[in-house]
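Right, one structure below, let's go through it.
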Amino acid sequence: MYPTTPDGRYFVVKGQLWRCTNPLLSEDVRQRLVVQLMAARREVKAAKASGDEGELTVAREHVQAAKVALGERGPVWWDDGSPDFNMHNVLNTPYAEWYRSLGTIADQHL
């Protein structure tokens, strides 16, 4: 399991912040969107195997649309005006001290 920031907005993989799914989504909506995301990822794999660049572009657009709907990309799902640190190195964000405090757990994810 990857460490999740105290505010629940991000999880950390190899020192990089990734935005969590919007916790305000109902479970049935979240599950439907995850199914769509997994299907879109399979489309990307198939398009790469086929070598069809047009098909790959469309498949990647489907992944992006699912991730935006989940709140993992696009506009942030929180409303307190805090900036988005998605895909930033955790040590270059306000979460750096928290991450360092994890000690060896954090070191395993760098």
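Brief remarks follow.
- Only Cα pairs under 8 Å and 6+ residues apart enter the sum, and on that basis the relative contact order of the chain stands at 35 percent.
- Given charges at Cβ of Lys, Arg, Asp, Glu: the chain dipole, positive-most of VAL44, ASN92, TYR2: VAL44
- Debye intensity ratio I(q)/I(0), log10, the chain, q values 0.11, 0.14, 0.17, 0.18 Å⁻¹ (C-alpha model): -0.44, -0.67, -0.89, -0.95
- Here LYS67 is the anchor, and the aspartates and glutamates within straight C-alpha reach of less than 17 Å, apart from those fewer than 8 places off in the same chain, are GLU27, ASP28, GLU43, ASP84.
- The chain, helix-only ellipticity at 222 nm - DSSP H runs n ≥ 4, -39,500 (n - 2.57), divided by all residues, nearest 500: -15500 deg cm²/dmol
- Rounded tilt (10° steps) of 27-50 against the dominant C-alpha axis of the chain: 60
- Area projected by the alpha carbon convex hull of segment 24-71, averaged over all directions, nm²: 2.8
- Degrees, to the nearest 10: 53-70 long Cα axis against longest axis of the chain: 40
Values in this text are rule-based calculations from the coordinates and carry no lab data. Predicted model, so just to flag it, every value in this text is computed and none were measured. When we count neighbours, we look across all protein chains shown, and the Cβ atoms used for this are built from the backbone with ideal geometry, even at glycine.
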